[in-house]
1. Being more than 16 Å from the chain's Cα centre (by Cα), modelled with pLDDT of 95 or more and hydrophobic (A, V, I, L, M, F, W, C) narrows it down to one residue among 213, 195, 242; which is it?
2. Pairs, please: C-beta under 7 Å, at least 6 apart or cross-chain, first residue within 21 Å of residue 183 (Cα to Cα) and in the same structural domain as residue 366 (by TED's automatic domain parsing) and in the range 9-26, second among the aromatic types (Phe, Trp, Tyr) and open to solvent by less than 100 Å² (accessible area, probe 1.4 Å)?
3. Given the condition in a helix (DSSP H, G or I), buried (at least 17 other Cβ atoms within 10 Å of the Cβ) and on the phi > 0 side of the Ramachandran plot, answer yes or no: does some residue in the range 98-106 qualify?
4. Scan the helices (runs of 4 or more DSSP H) fully inside the range 286-398 and keep the ones with 1 or more residues being under 16 Å from residue 27 (Cβ atoms) and free of Cβ contacts under 8 Å to residues at least 24 places away in the same chain.
5. Within the range 1-40, can you find the residues that are touching a strand residue (DSSP E or B) at 6+ places or on another chain (Cβ under 6 Å) and among the aliphatic types (A, V, I, L, M)?
6. Taking the condition away from the ligand (no atom under 16 Å from the Cβ) and not assigned by TED's automatic domain parsing to the domain that holds residue 285, does residue 99 pass?
7. Regarding residue 85, is this residue outside the structural domain of residue 315 (by TED's automatic domain parsing), away from the ligand (no atom under 16 Å from the Cβ), out of contact with any Cys (no Cβ under 6 Å at 6 or more places or on another chain) and in a loop (DSSP other than H, G, I, E, B)?
8. Looking at the range 13-38, which of the residues that are more than 16 Å from the ligand (Cβ to nearest atom) and more than 22 Å from the chain's Cα centre (by Cα) is surrounded by the most Cβ atoms within 10 Å (Cβ to Cβ)?
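The values are calculated or read from the model by the stated rules, or taken from the named source; none is laboratory data. This one's a predicted model, so the numbers in the text were calculated from it and none came from an experiment. Heads up, the Cβs are rebuilt from the backbone with ideal geometry, glycines too, and the neighbour counts pull from every protein chain shown. Ligands, DNA and RNA are stripped out before the accessible areas are found, and what is left, the full protein with its side chains, is counted by its heavy atoms. Shrake-Rupley method; radii C 1.70, N 1.55, O 1.52, S 1.80 Å.
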Amino acid sequence: MLDALDKLPDDPILGLAAACRADPNPQKVDLTVGIYMNEEGVCPVFDAVQLAQRALIESETTKAYLPPAGDADFNRAMQALVLGAGSTALAAGRVTSIQTPGGCGALRIGAEVIHAAAPGATVWVSDPTWPVHIPLLGSVGLKFETYRYYEPASHGVNFSAMLEDIRRAGKGDVVLLHGCCHNPCGADLSLEQWAEVATLAEQQGFTPMVDIAYQGLGDGLEQDAAGLRLLVERLPEVIIAASCSKNLGLYRERTGASLFVTDSPARADAVLSQAQVAARRVYSMPPAHGALLAGRVLNDPDLRENWESELQAMCRRINGLRTSLVSKLQQCTDRDFGFIEREKGMFSFLGLTPEQAQCLRREHSVYMLDSSRINVAGVNGANIDYLAEAVGKVLQGH
Ligand code: LMR
């Protein structure tokens, strides 16, 4: 049977990270996978997470399964983190959520629930979007359309084209939005634009689904969730996939949450039952360790303060790297890279051709995606000159 299978191509993101790991060049620069790296090029464990982990190990008395919806303290903390402690939707009891294996699990459970509610639903995704959105949601059986989003010429969002496209989405359709720090382009909607999307959702009846994998890494925890919260306060339904990979550094612990904002507590209950049955069908119950750590960090005032200040420092560092990168690239090229400073989060497109991105890998051991998406957090004081010079050489055809 298995002889019917061909070898598939490498994953466009993870495959390049593996190629970089295998590259013996000591000057190599890894700008591939979206993980936060510090000045030493290490993806660190948050201090608050270390402390929570020690306390958990000392007090943990069982490894029995969590329930399919996961840990209740974690779920409550995630609802408040994403929606804001003062959310009227939360106070009205019209929100439910389920702990998931990472943000991917959250997207998958969201897709399962969408499919149960509307098997013929079309999901509208931005052009471009994170490449894994399509297989993750598509394998459930949902269909796709794309809406225009990033405009390479202006290095920004073509909002009028976006509105024109999503105006074609109707009731029973889903419009997938990036809550902040758009992956792959880093170009986000303004709050006024989120309000226009909300108005269109009211008029057309589509359900927004928001993937918020980078809350806290753009402008801050509250600012990054402002667009999503605006939708939640105005609309009867919003589906949210949240991740603790980046903002709590729990990447390998696979910790996330699927949140469902509905029009009533009774509907929230019904949706929760659907999400739980979907989880049971797909993986039964979520892994415990990461969520127990996240729950402690989010719910304990001292750990929370410690975490928030470390996260703010990361966010400031990324924004500082954006400024430094612009000035280094301006020195080494005759292009205007000022757009990098206007974008948010870990990612930006450098605006290179796939051939130029491949040449950077081959000739200089600088690894970015073929789309020229870079992980800004992979830049540091030791590699920024080398990186800018390599980009300059490739742009001059060397
Ligand atoms: C990325 O886009 O690099 C991250 O979201 C990691 C991944 O799983 O692709």
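1. On the way: 213 fails: more than 16 Å from the chain's Cα centre (by Cα); 242 fails: more than 16 Å from the chain's Cα centre (by Cα).
Result of the check over 213, 195, 242: 195.
2. Correct list of pairs: 16/367; 20/367.
3. yes
4. 354-364
5. Filtering the range 1-40 for residues touching a strand residue (DSSP E or B) at 6+ places or on another chain (Cβ under 6 Å) gives 16, 20, 29-32, 34.
Matches in the range 1-40: 16, 29, 31.
6. no
7. It is true that residue 85 is outside the structural domain of residue 315 (by TED's automatic domain parsing), away from the ligand (no atom under 16 Å from the Cβ), out of contact with any Cys (no Cβ under 6 Å at 6 or more places or on another chain) and in a loop (DSSP other than H, G, I, E, B).
8. 28
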